[in-house]
1. Where residues in segment 294-327 are among the basic types (Lys, Arg) and touching a residue at least 60 places away in the same chain (Cβ under 8 Å), which of them is nearest to Gly394 (Cα to Cα)?
2. Take segment 262-288 and flag every residue that is touching a residue at least 40 places away in the same chain (Cβ under 8 Å) and more than 27 Å from Ala356 (Cα to Cα).
3. Test Thr79 against the criterion of being modelled with pLDDT under 90 and over 26 Å from the mean Cα position of the chain (by Cα), and give yes or no.
4. Please pick out the residue among Leu26, Leu9, Leu21, Leu53 that is in contact with a helix residue (DSSP H, G or I) (Cβ under 7 Å, 6 or more places away or on another chain) and modelled with pLDDT of 65 or more.
5. Looking at (1) buried (at least 21 other Cβ atoms within 10 Å of the Cβ); (2) over 30 Å from Lys6 (Cβ atoms), can you tell me which one Ile196 breaks?
6. When segment 328-345 is examined, which residues are found to be touching a residue at least 40 places away in the same chain (Cβ under 8 Å), aliphatic (A, V, I, L, M) and either buried (at least 20 other Cβ atoms within 10 Å of the Cβ) or touching a His at 6+ places or on another chain (Cβ under 6 Å) (or both)?
7. Residue by residue through segment 205-263, note down the ones that are surrounded by 14 or more Cβ atoms within 10 Å (Cβ to Cβ), basic (Lys, Arg) and either in contact with a Gly (Cβ under 8 Å, 6 or more places away or on another chain) or not in a loop (DSSP other than H, G, I, E, B) (or both).
8. Return a yes/no flag: does segment 177-187 have any residue that is under 26 Å from the mean Cα position of the chain (by Cα), assigned to a strand (DSSP E or B) and either at positive phi or among the polar types (S, T, N, Q) (or both).
Amino acid sequence: MTAAEKQTLGFQTEVKQLLNLMIHSLYSNKEIFLRELVSNSSDAADKLRFLALSNTELYDGDASLRVRISTDKDAKTLTISDNGIGMNREDVISALGTIAKSGTAEFFKNLTGDQAKDSKLIGQFGVGFYSAFIVADKVTVRTRKAGEAQGVEWESHGEGEFTIADIEKADRGTEITLHLRDDETEFLDEYRLRGIVTKYSDHISIPVEMFKPEVPASEGEDGEKIEGTPAEWEAINKATALWTRDKSDISEEEYKEFYKHVGHDWEEPLTWAHNKVEGKTEYTSLLYVPKRAPFDMWNRERRSGLKLYVQRVFIMDDAEQFMPSYLRFVKGLLDSNDLPLNVSREILQDNKITQAIRKGCTSRVLKMLDRLGKNDVENYQTFWNEFGQVLKEGPAEDSAHKEDIAKLLRFASTHSDEKTQNVSLEQYIERMKEGQDKIYYVVADSFEAAKNSPHLEIFRKKGIEVLLMSDRVDEWMMSYLTEFSEKQFQSVTRGDLDLGNLDDEETKKAQEETEKEVSGLVERMKTVLGEKVKEVRFTHRLTDSPACVVTDDHDMSSQMQKLMASIGQEVPDSKPIFEINPEHQLVKHLNELQDEDKFAQWSEVLLDQALLAERGSLKDPAGFVARLNKLMLELSK
């Protein structure tokens, strides 16, 4: 072997950190390394089976796909081998020398040093192959890609670098040899290994085999002849695709373990749905909702979707055509009887069968989440905390299921004034006041800004619940979500507030009298504020504040303007409507002020205060400070 054939390379920085965590035994449950390696072998077999649909020569006379586990007690090695797709030199460097996954930096930023917490983070990140270093102080990988002649050997002690060399390998596939540490020899025990495979990999759809030695012929107690059995490789798992079995035959534990295989996750799922659909379109779906969001969920380049099988033959990973974008957190698989075996992503895009399956899977997931929300509030809250902002994309993307999605939404509200988003729209409607016909909400930059918005004052006084929204997506969502259960949504910062039947005649009469007392104030303010405002008018939505700004019904709200600006869109200029509280002492004082210069200054300060409370910022903060300082100085004399 020449120097050109053998190279010593360094791991990607993130892999070094990860290996360090692995080697220091982050996991109390070490046996899962075998599950991860067997799962990778199964994926390699799936990929070969798919490529062989169009090129049967890839099988090279060996179409019986399997995984084999063997041990060498003298050398203290454990070997997992498969005859799947295999890897070439480029594949090996890419797959085993780097973590080709976005969100890497975020992952390491979240590491705390607490082993229990960090193990969960690693589980979210998904690092199957590297789990081998939990039990091994050296790992050797020998592999040859199907259809290629050159084999490759990769070897590492997990200490920052690895060697890679060209080798001769007679058969295709991958062979991973773990050189076990002295204190990990339990994994040389065949009975122990069989138990792990049965526990974690029974669902793998290809045989997982272990060598069964020859049993020579013998005589029984009564002298009868007992025939011997030859040495053979024996399958130790069921090797039946789990989703093809009857639901009644599958245990909860089997469903959970299968999720870890298809989802490449280390935690159990929150919930799942397994369904066989017959009729015009025939397919089986097994859909899972994870417990934790992946670190790269918001990355636009991240591929998401279901594993697609056609008649139990693996076709592709991440088939995104069967699930809308707002449900991109769903993991699982789909097995269709109606799609052709040579189906491609392009064919799937506009295929009527695809559309029918997508519609069915979407409804299935929404029903599954609705059931979780009604029957298991605690786990649903876990789901919402992780995926709520993704689900909020739904009303804009999927008008056909808008009402179903709305049932799943959760909000903070003035009912408890807590930041936790745990109020459903159905709960809100149940608590509505007699005579109330609208669902009121406020959108702000933060929960604190929403909770303390001056627009809520009259609602708090009358005990009317308001939904408090502060997620970036909320304003955009509410532009599509206009009603729920025949109740209209109403922003408390938009348009002229009309509480309708919630105001009695006596209250309305008192409000009219108060407006008469300062009747000329509106016109004076219009004159001094000029083009800065669209309109000046009295309001009775305020109880403690002197003034506020609202958005006209047909104008873009300040929150939507910020959202559009943040994605580089041109934002049309819109002027606020300035509302003043005729019952406030400061407003009454302004009405009596005869000095027009001071009146103008006070009017501008009130407008800036209202804009600051509504938008969180001002176009000219220095001007506001200067005016305020001047007025304070005059008042102090």
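The values are calculated or read from the model by the stated rules, or taken from the named source; none is laboratory data. The shown structure was predicted, so the numbers you read here are calculated from the model rather than taken from an experiment. Glycine gets a Cβ as well: all are built from the backbone with ideal geometry, and neighbour counts include every protein chain shown. Side chains are part of the model used for accessible areas, which takes the heavy atoms of the whole protein and leaves out ligands, DNA and RNA. Shrake-Rupley method; radii C 1.70, N 1.55, O 1.52, S 1.80 Å.
1. Among residues in segment 294-327 that are among the basic types (Lys, Arg) and touching a residue at least 60 places away in the same chain (Cβ under 8 Å), the one nearest to Gly394 (Cα to Cα) is Arg302.
2. His264, Asp265, Trp266, Glu267, listed by residue number.
3. Taking the combined requirement at face value, the residue does not satisfy it.
4. Leu9 is the lone residue from the list that is in contact with a helix residue (DSSP H, G or I) (Cβ under 7 Å, 6 or more places away or on another chain) and modelled with pLDDT of 65 or more.
5. If we test Ile196 against (1) buried (at least 21 other Cβ atoms within 10 Å of the Cβ); (2) over 30 Å from Lys6 (Cβ atoms), just (1) comes out false.
6. Across segment 328-345, the qualifying residues are Val330, Leu333, Leu334.
7. Correct list: Lys212, Lys256, Lys260.
8. No, because not a single residue in segment 177-187 is under 26 Å from the mean Cα position of the chain (by Cα), assigned to a strand (DSSP E or B) and either at positive phi or among the polar types (S, T, N, Q) (or both).
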